[in-house]
């Protein structure tokens, strides 16, 4: 962020994070706040000589908590409504152009370092290669009922220290338990089920 770089380039400038915002100080006195609240980026500075001029700008306002009385001004440069109105024509193209030369991991890391919630979106091939997914057995291979290779399905993401992991089981094929269910629940004999199967009532 260019503003942050400029602020920290001033002699004896330092940065800390009171109230979750970035604050920049020189000799323990704050001269700049940077914040990102409710979809709006803002900066707050003390302008004892030019506050009245700054307040003529449409995006400037007196700083709250009584600080405006001491010359502080807050400028807000974006609001949630603006993001919505310009998502497709401005924001999305700009973000895509910026991320074009970066991997998903790199782009997510840079955004997260600036306080923006971000994470990579993986497709099926990415998940199959991801070491974290493999280590936690979050995707497991199960033999197909027809014997034609394997199918990858979601494993149990919850692992407890004293629980025993179950071996993956293949799901039943069509009609695999028909005989047992009809015998137990309806009391049908083998002969009755054979007749129904011959008449193609059951599989």
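Every number here is computed from the coordinates shown, using simple stated rules; none is lab data. Note that the structure is a prediction, hence the values are computed from the model and not measured. Note that each Cβ is placed from the backbone with ideal geometry, even for glycine, and that neighbours are counted across all protein chains shown.
What are the equivalent ellipsoid semi-axes of region 52-122, built from the alpha-carbon gyration tensor (square roots of five times its eigenvalues), in whole angstrom, biggest first? It would help to have the intermediate numbers written out before the result.
Values: eigenvalues 227, 50, 19 Å².
The equivalent ellipsoid of region 52-122 has semi-axes of 34, 16, 10 Å.
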Pairs of Cα atoms under 8 Å, at least six residues apart: use those to get the relative contact order of region 86-203, whole percent. 12 percent
Taking every alpha carbon pair in the chain, what does the distance histogram look like in 5 angstrom bins from 0, in percent? 1, 5, 8, 10, 10, 9, 8, 8, 6, 6, 5, 5, 5, 4, 3, 3, 2, 2, 1, 0, 0
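What's the extension gain from residue 8 to residue 69 if we count 0.36 nm per residue and subtract their Cα-Cα distance? Before the final figure, lay out the partial values.
Details: separation 61, 0.36 × 61 = 21.96 nm, distance 2.65 nm.
Result for the pair: 19.3 nm of gain on full extension.
Which shape class, rounded, prolate or oblate, goes with region 122-171 when its Cα gyration tensor gives a ≥ b ≥ c as root eigenvalues, a/c under 1.5 marks rounded, and past that a/b bigger than b/c marks prolate? Numbers along the way, then the final one.
Values: a/c = 3.01, a/b = 1.17, b/c = 2.58.
Oblate shape, in that a/c is at least 1.5 and b/c is the bigger or equal ratio.
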Over its alpha-carbon atoms, region 2-78 yields an Rg and a Dmax in Å of 12.3, 33
Taking a crude spin-label model, label points 7 Å out from Cα along the C-beta direction, the residue 126 to residue 198 distance in nm is 5.9 nm
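Sequence gap at least 6, Cα distance under 8 Å: using those rules, report the relative contact order of the chain to the nearest whole percent. If you can, show how the numbers build up before the last one.
Details: 196 pairs, mean separation 16.8, N = 203.
Normalised by residue count, the contact order of the chain is 8 percent.
Can you give the helix-only mean residue ellipticity at 222 nm for the chain, where every DSSP H stretch with n ≥ 4 adds -39500 (n - 2.57) and the sum goes over all residues, rounded to the nearest 500 deg cm²/dmol?
On the way: 9 runs with 64 residues, N = 203.
When only DSSP H runs of four or more count, the value is -8000 deg cm²/dmol.
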For region 23-48 versus region 140-180, the gap between their alpha-carbon centres in whole angstrom: 56 Å
For region 2-78, what does the relative contact order come out to in percent, with C-alpha contacts under 8 Å and a separation of six or more? 21 percent
To make sure I understand, if each residue's beta carbon is the centre and we count other beta carbons within 10 Å, what order do 162, 179 fall in, fewest to most? 162, 179
